[in-house]
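The values are calculated or read from the model by the stated rules, or taken from the named source; none is laboratory data. Note that this is a predicted model, so its numbers are computed, not measured. Don't worry about glycine lacking a Cβ; one is built from the backbone with ideal geometry, like all the others, and counts go over all protein chains shown.
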Amino acid sequence: MTKKVCSVLSMLIVTSLVAGIPAVYAQTSPADFAGEPDKTMAAAHESFAKKDMNKAAEQIGKAADYVEQEADKVAKDAKEGVRKAGDELGQLGQNVKKGTVKSSDELNAAYSKVDHELAKAWHRTAEEAKKAGKDSSDALKKAGASLEGAAKWSGNQLKEGAQASVEAVKKLGKSTAKGVKTGTEEVNKWFKSIGEGIEELGRKP
């Protein structure tokens, strides 16, 4: 009986440790991110860790405003999801100010959700641009950046193919500026891989 109890306790301890891994490895410094809203959300995370709740709430509010502005730029059928994400982020800021948010894990989870919603919206926007025969590179870059942000906040790692595509689309602007034309086949590969990454991350806790 004692051995059995010890075994159960050991399993519970291991399970709790494994469950805590994403929070431990989530990246939270502004230096870990290239753009918005992640830099501001990361700054809020640092303020929260320093117990400066008013500053954290203010920074989260700024990030929420940015997200809501992005809703005006994405595909029509993706606007509602982005606006909702912005509203939820704004509510999080209010809760931080009230002192009802007790753990930085709550921030990580909310930030990951926001970035995932932005990734879906920008991927949808890139899809519409492709279908219309327009340049989809900017929207695809934003989808990739948001996907990478969602992975960082949740402590998850993207699969090799998705990560490689995210890195590739980061360089799209630089390549275009140098007159290097990216083949449609390659863009389609990146588009597909980033889309799969978005779907896979959405299935993870």
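Among the criteria (1) at pLDDT below 85; (2) loosely packed, with under 12 Cβ neighbours inside 10 Å; (3) of a type outside the set (S, T, N, Q), the one Leu172 does not fulfil is (2). The residue of region 152-166 that is nearest to Ala31 (Cα to Cα), among those that are assigned to a helix (DSSP H, G or I) and charged (D, E, K, R), is Lys152.
For (1) modelled with pLDDT of 95 or more; (2) under 18 Å from Asp138 (Cβ atoms); (3) surrounded by 22 or more Cβ atoms within 10 Å (Cβ to Cβ), each residue gets a yes or a no:
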position	(1), (2), (3)
Lys159	no, no, no
Ser165	no, yes, yes
Ala168	no, yes, no
Asn188	no, yes, no
Arg203	no, no, no
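Among the residues making up region 73-103, a single one is over 15 Å from Asn54 (Cα atoms) and either polar (S, T, N, Q) or in contact with a Leu (Cβ under 6 Å, 6 or more places away or on another chain) (or both): Ser103.
So, Val114, is that one at pLDDT below 95, buried (at least 17 other Cβ atoms within 10 Å of the Cβ) and within 25 Å of Glu88 (Cβ to Cβ) or not? Criteria not met by Val114.
Counting just the residues of region 69-78 that are within 17 Å of the chain's Cα centre (by Cα) and farther than 21 Å from Asn108 by Cβ, which one comes out surrounded by the most Cβ atoms within 10 Å (Cβ to Cβ)? Here the answer is Val74.
Can you confirm whether Gly195 is modelled with pLDDT of 90 or more and under 25 Å from Ala42 (Cβ atoms)?
The answer is no for Gly195.
This table checks each residue for (1) assigned to a helix (DSSP H, G or I); (2) farther than 21 Å from Lys204 by Cβ; (3) of a type in the set (A, V, I, L, M, F, W, C); (4) modelled with pLDDT of 95 or more.
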| position | (1), (2), (3), (4) |
| --- | --- |
| Cys6 | yes, yes, yes, no |
| Thr40 | yes, yes, no, yes |
| Glu58 | yes, yes, no, yes |
| Ala64 | yes, yes, yes, yes |
| Gln69 | yes, yes, no, yes |
| Asp77 | yes, yes, no, yes |
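In region 94-114, the residue that is farthest from Ser154 (Cα to Cα) out of those that are without any contact (Cβ under 8 Å) to a residue 40 or more places away in the chain and in a helix (DSSP H, G or I) is Lys98.
In the condition set (1) touching a residue at least 60 places away in the same chain (Cβ under 8 Å); (2) assigned to a helix (DSSP H, G or I); (3) in contact with a Lys or Arg (Cβ under 6 Å, 6 or more places away or on another chain), Trp122 is compliant with all but (1). For Asn54, the criteria (1) at pLDDT 95 or above; (2) under 21 Å from Glu148 (Cβ atoms); (3) of a type outside the set (Lys, Arg) hold in every case but one, which is (2).
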